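Trainee: Would you mind keeping the following structure in view while I ask a few things?
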Amino acid sequence: KLLYHLEEEEKMPDGMCIDAEGKLWVACIDAGRVIRIDPETGKRIQTVRLPASRITSCCFGGKDYSEMYVTSAYDGLDEATLAKEPQAGEIFKITGLGVKGIPQNFYAA
């Protein structure tokens, strides 16, 4: 079942996670953003823009899972783009989203 059709400016999906409200967060590689999607309605309900274009993944963490951590890449960027995006390849911490994540599942080997 199709959950959400990415808008042209959202480019391509990469890493994803789920929050405590059951909403899907998607890292949009080459679009410089993470979007939050309501799987019930198929609508984008939140967008977080970041200072790097190649956003690769997202997850919740911190003591109460109220912080989002977002990874980015710098591979594939030319020198001119890297000069405009000095934070490319870094990990970002986002606070104040108004939503928390859920603990990950652990499996014994």
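Trainee: Hey, in the GNM for the chain with a 10 angstrom Cα cutoff, which one of 85, 67, 40 fluctuates hardest?
Mentor: 40
Trainee: Let me check against my output: what whole-number percent is the relative contact order of the chain, with C-alpha pairs under 8 Å and at least 6 apart?
Mentor: Relative contact order of the chain: 22 percent.
Trainee: 7 Å from Cα along Cα→Cβ at both residue 93 and residue 21: what's the point-to-point distance in nm?
Mentor: Those two pseudo-labels are separated by 2.4 nm.
Trainee: Return the calculated 222 nm mean residue ellipticity for the chain, to the nearest 500 deg cm²/dmol, obtained by summing -39500 (n - 2.57) across DSSP H runs with n ≥ 4 and dividing by the residue count.
Mentor: -1000 deg cm²/dmol
Trainee: Run the reach check for residue 63 against lysines, Cα to Cα strictly under 28 Å, same-chain hits fewer than 8 apart removed. What comes back?
Mentor: Within the straight-line limit of under 28 Å, residue 63 reaches these lysines: 23, 93, 100.
Trainee: To continue, here is another question. As an exercise, find the ratio Rg/Rh for the chain from alpha-carbon atoms, using the Kirkwood inverse-distance average for Rh.
Mentor: 0.99
Trainee: Sticking with this structure for a sec: Full-extension gain between residue 102 and residue 69, please, as 0.36 nm times their residue separation minus the C-alpha to C-alpha distance.
Mentor: Extending this stretch completely gives an extra 10.6 nm.
Trainee: Taking the solvent-accessible surface of protein heavy atoms with a 1.4 Å probe, what is the per residue accessible area of the chain in Å²?
Mentor: I get 63 Å² per residue for the chain.
Trainee: Further question: On the accessible surface of the chain, probed at 1.4 Å, how many percent belong to carbon and sulfur atoms?
Mentor: Looking at the chain in its full context, I get 52 percent from C and S.
The values are calculated or read from the model by the stated rules, or taken from the named source; none is laboratory data. In this text, all values refer to a predicted model and were calculated from it rather than measured experimentally. Note that each Cβ is placed from the backbone with ideal geometry, even for glycine, and that neighbours are counted across all protein chains shown. To get the accessible areas, we keep the full protein, side chains included, count just its heavy atoms, and leave off ligands, DNA and RNA. Shrake-Rupley method; radii C 1.70, N 1.55, O 1.52, S 1.80 Å.
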